[in-house]
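Step one of this worksheet: look at the structure below.
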Amino acid sequence: MALMHALVRFAQIPAANTFSTGEIHPYVAAALGGRGEQYSLAALRYDLSKLRAKGLVEKLPRSRRYRLPAPGYSVCLIFLKMFDRVYAPLTAGLLQPVAGDAALSQHKRSPLDRLYQGITNALDRLLHA
């Protein structure tokens, strides 16, 4: 996720059609909360290779530079939005639930809480299918 965050952010810099691992590494470290020393360039190259295998990032021939094509940019944005708007709030509610929420009847919960509960139920059904 941190690499996707950095790729999307890096794509907004003027003349950033291409990038090297050294250029994007500080952005990934910033997305990790400044823990860049724990995320090596080798780890970054490995993560880029995984994104390359999925066609989200392209390596330029005979160079050490990469490019984020438009479809890769779109997929990164979708993943980041899904994480920020669905997965993070959903997991926060699952990992640290408010004790009183369980006692509330379904019709007294907010529409957003009911939607998140619906997602949780659907995921439970999917994982147990």
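Coordinate-derived values only; no laboratory data. From a predicted model like this one, the values you see are computed outputs, not experimental measurements. A quick note on method: Cβ atoms are made from the backbone with ideal geometry, for glycine too, and the neighbour counts reach across all protein chains shown.
Here are some notes:
- Take every Cα pair under 8 Å whose residues are at least 6 apart in sequence, average their separation, divide by the length of the chain, and the relative contact order is 22 percent.
- Ordering 126, 7, 115, 90 by the number of other Cβ atoms within 10 Å of each residue's own Cβ, fewest first, gives 126, 115, 90, 7.
- Each other residue within a Cβ distance under 11 Å of residue 65 adds +1 if Lys or Arg and -1 if Asp or Glu, for a net charge of +2.
- Note on the chain: Rg/Rh from Cα positions, Kirkwood definition for Rh, rounded to two decimals, is 1.11.
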